[in-house]
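Engineer: Quick one: the structure is below, and I'll ask about it shortly.
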Amino acid sequence: MKFFIDNWMLIAIALSSGGLLLWPVFQGATAVGIDSGKAIQLINREKANVVDVSDAAEFAAGHIVGSKNLPLADLEAKLAGAVKNKGLPLVLVCQSGARSAKAVNIAKKLGYEQAQSMQGGLKAWKLANLPVEKA
């Protein structure tokens, strides 16, 4: 016990250093979905379908090239008609990533096991200087 009392500062520094080293691990654990780079790989290599769950006005202002617009409110009713092959990856996107994270649960409930949300949404896509088209 005397060791801990005499060296409390060294122990505190060691614990603080360990915590700071583990911080990125905890940050990554809270992130939901895939980044824009992984989304591009899924689109190009695995023919992933991209569904934008933003409302029609947001979609018209700008969206990922080739994406389909199914607003979150209509997703459960219209997803099966818009994306027929449930075996292909499904990338769900919105403006910030919040609605698409909710949409993943709906898609998985409908049988789309490879449904994933894009972190940061269209904002992250634009920040990566990736192509956007307007309707």
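Please treat every number below as a calculation from the coordinates, not as lab data. All figures in this text were calculated on a predicted structure; none of them were measured in a lab. For neighbour counting, all protein chains shown are included, and Cβ atoms are generated from backbone atoms with ideal geometry for every residue, glycine included.
Engineer: Check the straight Cα-Cα distances from K86 and name the lysines below 24 Å, setting aside those fewer than 8 residues away within the same chain.
Structural biologist: Filter leaves K38, K47, K68, K78, K102, K108, K109.
Engineer: While we're on this one: Put +1 on the Cβ of each Lys and Arg and -1 on the Cβ of each Asp and Glu in region 36-133; which of Q41, G66, M118 then has its Cα farthest toward the positive end of the dipole?
Structural biologist: Positive-end residue among those listed: Q41.
Engineer: Averaging over all projection directions, find the projected area of the Cα convex hull of the chain and quote it in nm² with one decimal place. Working shown, then result.
Structural biologist: On the way: hull surface 46.2 nm².
About 11.5 nm², averaged over all directions.
Engineer: Given a Förster distance of 30 Å, report the FRET efficiency between E46 and L21 from their Cβ-Cβ distance, rounded to the nearest 0.05.
Structural biologist: Values: r = 35 Å, r/R0 = 1.15.
It comes to 0.30.
Engineer: Find out how many positive minus negative residues lie around V104, taking Lys and Arg as positive, Asp and Glu as negative, among other residues whose Cβ is under 13 Å from that of V104.
Structural biologist: Neighbourhood net charge equals +2.
Engineer: Turning to a different aspect of this structure: Is any helix in the chain, taking whole DSSP H runs, at least 30 angstrom long along its axis by alpha carbon and on average at least 0.0 on the Kyte-Doolittle scale, and which ones? Don't skip to the end; give the middle numbers.
Structural biologist: On the way: long enough: 8-30 (32 Å, 1.39).
Span-like helices here: 8-30.
Engineer: Is it possible to state the helix-based mean residue ellipticity at 222 nm for the chain, with each DSSP H run of 4+ residues giving -39500 (n - 2.57), the sum divided by total residues, to the nearest 500 deg cm²/dmol? What is it? Present the calculation step by step, with values, prior to reporting the outcome.
Structural biologist: Numbers: 7 runs with 72 residues, N = 135.
Roughly -16000 deg cm²/dmol at 222 nm, from the helical runs in the chain.
Engineer: Can you report the principal axis dimensions of region 91-135 using only the alpha carbons, biggest first, rounded to whole angstrom?
Structural biologist: 32, 19, 17
Engineer: Under a Cβ-only charge scheme (Lys and Arg +1, Asp and Glu -1), can you give me the dipole magnitude of the chain about the Cα centre, in debye to the nearest 20? Could you put the intermediate results ahead of the total?
Structural biologist: Details: 15 positive and 10 negative charges, 56 e Å.
Magnitude of the dipole: close to 260 debye.
Engineer: Here is a further query. Positive end of the dipole of the chain, charges at C-beta (+1 Lys, Arg; -1 Asp, Glu), about the Cα centre: which of I106, L20, C94 has its Cα farthest in that direction?
Structural biologist: Of the options given, the answer is I106.
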